[in-house]
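Chemist: Can you read through this structure? Questions will come right after.
The values are calculated or read from the model by the stated rules, or taken from the named source; none is laboratory data. This is a predicted model, so every value here is computed, not measured. Cβ: placed from backbone, ideal geometry, glycine included. Neighbour counts: every protein chain shown.
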Amino acid sequence: MLSCATLVSIPSLAAPEVVKSSSPWPINVPQISDKFDWLLLKTGELLGGDLVSMYDHKVEFDSDEVGVISIDMKDIAQIRTRTIMSIRQDNDEIHEGQLIVNKDSFSFVENPEVSYPRSTLLAIATSEKSGESLWSGEISLGADFKKGNSASFDYTGKLSLRRLSSSHRVLIDYLGVFSEVEDQSTNDNIKTEENHRLTAYIDWFYKHNIFFRLPSFEYYTDEFKNIDHQIDIGVAAGYVILDDPLQRWDVFAGPSGQYTKFVEAEEDEATDETSPLFLIGTSYERDITDNIEFEFDYNVKFTREESGSIIQHLESSIEIELINDFDIELSIVWDRTEDPIPDENGFQADQTDLLFTVGLEYSF
């Protein structure tokens, strides 16, 4: 991060000294950027790097020195980009070019005589014409080891990828949980939990507060719930209830089809099941402070009794900025199946699972 310092001479009783002027400031920000994207804060601080995106009144900026950081749009005085950016206004018009954002307006290098009110700027993303990658994401890992009278090993792994443009977004999320304990009599490790969940969807923004999820996909496996694999494919419509510099809240709903392959099945029962379902969900994000962010995601699926009847999934987390690209993540994962699928012996798993993790997250 670059900033200017003012040279101040302090008077004394002795004869005043002649203060020599400092050397010229070594950074020259060109009107047309060719090396960095430039971001000037209202405090006078200047950043050179890559402008990743602007969504939900938040600018994501990648600097070699400070890593990936998130800055409120209201705290930014100017932006100048070296690459072609795609922007969306609140009237849903889309424009592309080398972007110049000033205090009250924005324009493009290719057409400087035409400017637009800055207040209409809704989203910024790298254009496909720029040749730059549109992907970014986070990866986190939480682990717990115990040794003594009993030994255990637990880990959770999370991966989040997103591809942002001015009119749509692609999100891919993975969550994996594994746990095992040591049998004191045999010294063998016994697996007590393992499940994996992969979700992916494309949100297309029809209006700034209306979007369509076309399509949505989820893959889930958990042998302890008698699910060898489960696949959901569907569509949904969503509405943004709140969208301001501090928080975003949206809801969505739509139909899906679900296929489940069971690990085991009771005698004379099918080993798989295909059924329709209806999905309702919500997502909420809020900046508690400049360094602490809260996220909440919940969805519920209504399906046939043979597939679980009512299936609920909740993920909630608090991310605390640590240093550069690293955060501490505290998260809760809650799952509930109203009618768990019985195995070949008629045994049903518990309806509810609750997991609390502490992990280290890296943004890229």
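Chemist: Of these, 205, 178, which one is touching an Asp or Glu at 6+ places or on another chain (Cβ under 6 Å) and either assigned to a strand (DSSP E or B) or not aromatic (Phe, Trp, Tyr) (or both)?
Modeler: Matching residue, one of 205, 178: 178.
Chemist: Give the residues of region 246-302 that are more than 30 Å from residue 345 (Cα to Cα) and outside any strand (DSSP E or B), sorted by residue number.
Modeler: Of everything in region 246-302, those that are more than 30 Å from residue 345 (Cα to Cα) and outside any strand (DSSP E or B) turn out to be 246, 288, 289, 290, 291.
Chemist: Moving on to the next point. Is it fair to say residue 86 is under 15 Å from residue 37 (Cα atoms), within 24 Å of the chain's Cα centre (by Cα), at pLDDT 90 or above and not in a loop (DSSP other than H, G, I, E, B)?
Modeler: When the stated conditions are applied, residue 86 passes them.
Chemist: While we're here: I'd like to check something: does region 66-83 contain any residue that is modelled with pLDDT of 85 or more, basic (Lys, Arg), in contact with a Pro (Cβ under 7 Å, 6 or more places away or on another chain) and exposed (fewer than 14 other Cβ atoms within 10 Å of the Cβ)?
Modeler: Yes, region 66-83 has at least one match.
Chemist: Exactly one of (1) at pLDDT below 90; (2) surrounded by 13 or more Cβ atoms within 10 Å (Cβ to Cβ); (3) within 23 Å of the chain's Cα centre (by Cα) is unmet by residue 154. Its number?
Modeler: (3)
Chemist: Turning to a different aspect of this structure: Report whether or not residue 165 is surrounded by 15 or more Cβ atoms within 10 Å (Cβ to Cβ), under 30 Å from residue 87 (Cα atoms), among the hydroxyl-bearing types (Ser, Thr, Tyr) and not assigned by TED's automatic domain parsing to the domain that holds residue 87.
Modeler: yes
Chemist: Hey, among 161, 122, which residue is touching a His at 6+ places or on another chain (Cβ under 7 Å) and outside any loop (DSSP other than H, G, I, E, B)?
Modeler: Matching residue, one of 161, 122: 122.
Chemist: Return the pairs, sorted by first residue and then second, in which the second residue is among the hydroxyl-bearing types (Ser, Thr, Tyr) and not in a strand (DSSP E or B), the first residue lies in region 201-217 and is surrounded by 18 or more Cβ atoms within 10 Å (Cβ to Cβ), the beta carbons are less than 7 Å apart, and the residues are 6+ apart or on different chains.
Modeler: So the pair list comes out as 205/167.
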